[in-house]
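Heads up, the thing below is written out as structure tokens.
The values are calculated or read from the model by the stated rules, or taken from the named source; none is laboratory data. Since this is a predicted model, take the numbers as computed values, not measurements. For neighbour counting, all protein chains shown are included, and Cβ atoms are generated from backbone atoms with ideal geometry for every residue, glycine included.
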Amino acid sequence: MSPSDATPPWYIVRNVAELPSPALLVYPERVGENLDRAIRLAGGPERLRLHVKTHKMARVAEMMLERGIRKFKCATIAEAEMLAQCDAPDVLLAYTLVGPNVARFVELVGMYPQTHWSVLVDDPSAADMLDQALAAATHSAPLDVYLDVDNGLGRSGIAPGDDALALYGHLAKSAHLRPVGLHAYDGQIKDKDFAERVAHTERDFAAVAALRDRIVAAGLGPVSVVAGGTPTFPAHALHADRELSPGTLVFWDFGYQTKFPDLDFLYAAAVLTRVISRPSSGRLCLDLGYKAIAADQPQPRAWFPQIPDAEPLVHNEEHLA
């Protein structure tokens, strides 16, 4: 077989000359395979509440719906509206609302009554603002809320102790809010070894489980739990009483593949970039600045399958050398 007859790598695009760069390329067959693998790992689509923050795309959300996934999680009002426009049955806005976003979300709830909405709360004053905004709205159905619990990340959420129990009770007394469960995102757990990651997940989840038991004992149950992200997805999947909310697995990436080799997902997206300059021998400059790929992680921020030994030297808004 001649080299020209060989099957090209999965990421090769035949009409690449027609595509401007930088550009995000999505490979639907591989996305579908990742969704199928997630469903198998979860034990069924009903256990999944997939986070859409990675893709933000209506077509990907539709692929999830086609596979029987009915519950979704998002981080912004724009993502929430995208899901509602796809007729997603159940959407959790996993963010505490403050300022004008309170009114924006209440308006969105009224615009899309076919969607079952819920939101996170971790503070009494924020809960009261939301309750008051709902009281002024024309739609009167109570809004489901999840208590956002900090079980180790230290980013947002309330510590799972007495104050959390008191806040849950406060929510239960609200006229227009209905507490339905707990939300615990454990992004601090990054153990490469799967057994160590499972053990770490259970240690950090213990306080969440104890809080759930206290809420039920106080007569405020039942209590649903939305737990974890992609790294801890298989650990939480071992427990039938937890909703699972991974997000990155839909496209997967080189960083997660390196950190968590036990997670069996496919690369399903790539960024098309071109060489725009050769400033010196052995150095290339690409149109892949941090407007095109995120700059929040340390280098290397990109992996190039066609030049796997490339090392990043300079990264600016429009350039990567």
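From the list ALA195, ALA175, ALA209, ALA166, the lone residue that is loosely packed, with under 14 Cβ neighbours inside 10 Å and farther than 27 Å from ALA133 by Cα is ALA195.
Quick one: which of ALA61, ALA17 is of a type in the set (Gly, Ala, Ser) and exposed (fewer than 14 other Cβ atoms within 10 Å of the Cβ)?
After applying the criteria, what remains is ALA17.
Listed by first and then second residue, the pairs linking a residue in region 27-49 that is closer than 15 Å to VAL60 by Cα and outside any helix (DSSP H, G or I) to a residue that is modelled with pLDDT of 95 or more and of a type in the set (S, T, N, Q), with Cβ atoms under 6 Å apart and 6 or more places separating them unless they lie on different chains, are ARG49/SER245. A residue that is under 19 Å from the mean Cα position of the chain (by Cα) and in a loop (DSSP other than H, G, I, E, B) occurs somewhere in region 172-186. The residues of region 37-58 that are surrounded by fewer than 15 Cβ atoms within 10 Å (Cβ to Cβ) and of a type in the set (A, V, I, L, M, F, W, C) amount to a single one, ALA58. Which of the residues that make up region 207-246 are without any contact (Cβ under 8 Å) to a residue 24 or more places away in the chain and aliphatic (A, V, I, L, M)? The answer is ALA209, VAL216, ALA217. Residue pairs whose Cβ atoms lie under 7 Å apart, sitting 6 or more positions apart in sequence or on different chains, and linking a residue in region 167-179 that is more than 23 Å from GLY110 (Cα to Cα) to a partner that is surrounded by 16 or more Cβ atoms within 10 Å (Cβ to Cβ), are LEU167/LEU147; LEU167/ILE158; TYR168/LEU147; TYR168/PRO179; TYR168/ILE215; HIS170/ALA127.
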